[in-house]
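Quick note: the coordinates plus some simple rules give every number you see, no bench work behind them. Being a predicted model, the structure only gives us computed values, none of them experimental. Positions of Cβ are backbone-derived with ideal geometry, glycine not excepted, and every protein chain shown enters the neighbour counts.
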Amino acid sequence: MDLSTLTYIFVGGSFALYFGIAIWAKAGSTGEFYAAGRGVHPIANGMATAADWMSAASFLSMAGLIAFMGYDASIFLMGWTGGYVLLALLLAPYLRKFGKFTVPEFVGDRFYSTTARVVAVGCLIVASITYVIGQVKGIGVAFGRFLEVSYELGLIIGMITVAFYAVLGGMKGVTYTQIAQYCVLILAYTVPAIFISLNLTGNPLPQIGLFAATSDGTAMLTKLNSVITDLGFAEYTAQKGNTINIVFYTFSLMIGTAGLPHVIIRFFTVPKVRDARASAGWALVFIAILYTTAPAVGAMARLNLMNSIQVGEVGAPDGNLAYDERPQWFKNWEATGLLKFEDKNGDGKIQYYNDKNKEFAAKAAAWGWKGNEMVKVDRDIMVLANPEVAGLPNWVIALVAAGGLAAALSTAAGLLLAISSAVSHDLLKSTCMPEISEKQELLYARLSMIGAIILAGYFGLNPPGFAAQTVALAFGLAASSIFPVLMMGIFSKKMNNAGAVAGMLAGITSTLLYIFAYKGFFFIKGTELLANTPANHMFGISPEAFGTVGAIINFAVAFIVMNMTAPVPAEIEAMVEDIRIPKGAGAAQDH
Amino acid sequence: MSDHDGQGYWAANIRLVTWLLVVWAICSYGFGILLRDALDTMVPFGGVGLGFWFAQQGSIYVFLALIVIYSKKMAQIDADFGVRED
């Protein structure tokens, strides 16, 4: 069967499954819409959390980042998994004990302040909307490539799919579709990785293949290092960034992960406090399967890519692939514009090397090379192109398409749910119109979901200039605002309303200003205060890594303001003591 | 709050969490980043060594183990202090 028929079968089949689940798991109450009736088994919730968490960025972009960053990409591997330890040990059990539906609701009650609640809603919406734009883009790209429709049409099909099951099923429908989506995406990620690891190293486990020897006896990573350094690139396994930035960046991703509202609300769906603890562990099990495979995928994809272009000895007349003999995958990706070749020296052969390395460029000039001819190799295509580059069967490629779509859809649905529950529950029901009935609130929850989908779709069709920066921004915002306020709410009995509000505002503002200073105010080109280069960064800390500093500012400002303002009322101190004790979590459900 | 030792429970909890976070920091920031080169030199394998392994594989397994240990130990502490959910 040809590739496009297989792709339609795999993608169509997985979508039929999601729709079926949505109809079966329709939400009938706000409890089901916001928290799936708190009846989700911890393993099921762990799987749903994993799908919720692993976005198009994890599925499509991360292995590409690893392939081109090498060791330095450990930032993402450790940052995006280490946050689950913080979530399990510091936040999830207590927030589940608190027993409400949204993150701003906790902030508002704990800090006895509607202002705090509204500020938290603001932080949540800004962080979630910026994040969802990236997902929507991923949906458009994946549909465009695999269903051979335009980006715009792909995006609209994707948004209608999400709208159908998220609006109908709420948290309940989203949870069960996410479980199905997890199964699809993890198969799609690991199957090609196993094939490629077998091909290169003879070991089926990519986690072991990464450190195994290739057929000629040299270690895979040694080979990769020599292949790329021979072409003037930096060594794959060497550290390139400065250590302070790596530490701050990793920490920022860790606390950002723990503070992302769409992940936190998943822990409101389990029956008990101890289920919340266990569920964070299960979530990490399911995430770790992909995250420990990704480094192997990245390294092996890079090696395969280099070897398929530099087919012989570097510098030898027949060492480079002739453009006319380029394989089918090369042509497919050229058509999308994500891969671009330019025959600079007119010899009809492809020279792919690092022409920014002056020493090597001089050597290359002696061979008649006139600059790197692979003028564009988009990092995001690595996972999608990988099975084709490695020559795997068509059904594997079709499976990867279904997996990429599952990853983008599941995260988009989770984010939209976090946004709609914050709007309907925290803004409408609790702040603006408290008199509405549960039925009306459920209706408003569905309407705000539709609103969020339309808004996300609009930004997807008219991407603002900053679309590429959005993920880093979302983590920075969550790290500098939501994580610290939740920590202080649980671990300090003395933190008061004024301290919390001042801390959140100081954290989020300082982080935004630092990002804007290097990337332009509201990402408008030309308004940067300083060029975004490591030499200009404060202590070498890049804007993406600034969430850590923002969090420190948040804590510091909160404690200073707390000491200057009225102490916490006694009943709030009692409430904090109650949150810390697991007993009685069941009773807290009805409110 | 009268039928159990709330303060003792919280202190036991904080002690456990502190130890686990120390291990968390040593394995990721220590072994994976700051001590990476030293570990690679001491235990080389696969063209790199233990430091690189911790940065791209080992730390994730350690994170997983930490959550499992926390979950198990907390269940025990809950029971010891009589605050277990019914």
Taking only the Cα positions of chain A, the convex hull volume per residue in Å³ is 146
Which residue, chosen from A:Phe286, A:Pro317, A:His262, occupies the Cα position most advanced towards the positive end of the dipole of chain A, where the dipole is computed from +1 (Lys, Arg) and -1 (Asp, Glu) charges on Cβ about the Cα centre?
-> A:His262
Hits among lysines - C-alpha to C-alpha of A:Lys429 under 27 Å, sequence gap 8 or more where chains match | A:Lys26, A:Lys97, A:Lys100, A:Lys172, A:Lys272, A:Lys439
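With the contact rule set at Cα under 8 Å and sequence spacing of 6 or more, what percent relative contact order holds for the stretch A:1-129?
Normalised by residue count, the contact order of the stretch A:1-129 is 10 percent.
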Evaluate peptide A:79-85: per residue, the Cβ atoms of other protein chains within 10 Å of its Cβ; return the mean as an integer.
-> 6
Extension gain from A:Asn345 to A:Ile289, taking 0.36 nm per residue of separation minus the Cα-Cα distance = 15.7 nm
Between the helical axis of A:438-461 and the dominant principal axis of chain A, each derived from Cα atoms, what acute angle in degrees is found, rounded to the nearest 10?
-> 30
Counting only other chains, what is the mean number of Cβ atoms within 10 angstrom of the Cβ of each residue in peptide B:65-76?
-> 6
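Once fully extended, how much extra length lies between A:Met433 and A:Lys331, figured as 0.36 nm per residue of separation less the alpha-carbon to alpha-carbon distance?
Working: separation 102, 0.36 × 102 = 36.72 nm, distance 5.74 nm.
Length gained, A:Met433 through A:Lys331: 31.0 nm.
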Relative to the Cα centre, what is the charge dipole magnitude of the stretch A:268-337, using +1 at the beta carbon of each Lys and Arg, -1 at the beta carbon of each Asp and Glu, and rounding to the nearest 20 debye?
-> 720
Loop-resident sites, the stretch A:191-291, for trypsin sites (Lys or Arg not before Pro), counting at most 16 other Cβ within 10 Å (DSSP) = A:Lys240
Relative to the longest principal Cα axis of chain A, at what angle does helix A:243-259 sit, 0 to 90 degrees, rounded to 10?
-> 50
Least to most buried among A:Val377, A:Val270, by other C-beta atoms within 10 Å and fewest first, runs A:Val377, A:Val270
Partner chain Cβ atoms within 10 Å, averaged over the residues of A:323-333 - can you pull that number for me?
-> 0
Between the Cα axis of helix A:151-201 and the main Cα principal axis of chain A, the angle (0 to 90°, nearest 10) is 40
Dipole of the protein assembly as shown [Lys/Arg +1, Asp/Glu -1 at C-beta], most positive-end residue of A:Ser197, B:Gly6, A:Val247 = B:Gly6
Under a point spin-label approximation (7 Å from Cα along Cα-to-Cβ), what is the A:Met564-A:Ala535 distance to one decimal in nm?
-> 4.0
Any lysines whose Cα falls less than 25 Å from that of A:Lys340, other than same-chain ones fewer than 8 residues away, would be A:Lys137, A:Lys331, A:Lys349, A:Lys356, A:Lys358, A:Lys363, A:Lys370, A:Lys376
Which loop chymotrypsin sites (Phe, Trp or Tyr not before Pro) in chain B, with loop taken from DSSP, have no more than 16 other Cβ atoms within 10 angstrom of their Cβ?
-> B:Phe45
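For the stretch A:274-371, count all C-alpha to C-alpha pairs, find those more than 16 Å apart, and express that count as a whole percent of the total. Intermediate results must be reported in sequence, preceding the final value.
On the way: 3252 of 4753 pairs.
In whole percent, the share of Cα-Cα pairs in the stretch A:274-371 beyond 16 Å is 68.
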Using R₀ = 30 Å, calculate the FRET efficiency as 1/(1 + (r/R₀)^6) where r is the Cβ-Cβ separation of A:Leu513 and A:Ile244; round to 0.05.
-> 0.90
Using only alpha carbon pairs under 8 Å that are at least six residues apart, calculate the relative contact order of the stretch A:422-552 and give it in whole percent.
-> 25
Quick one: dipole size for the protein assembly as shown, taken about the Cα centre, charges +1 on Lys/Arg Cβ and -1 on Asp/Glu Cβ, in debye to the nearest 20.
-> 720
Is the shape of the stretch A:54-158 rounded, prolate or oblate, going by the alpha carbon gyration tensor and its root eigenvalues a ≥ b ≥ c, with a/c under 1.5 for rounded and a/b larger than b/c for prolate?
-> oblate
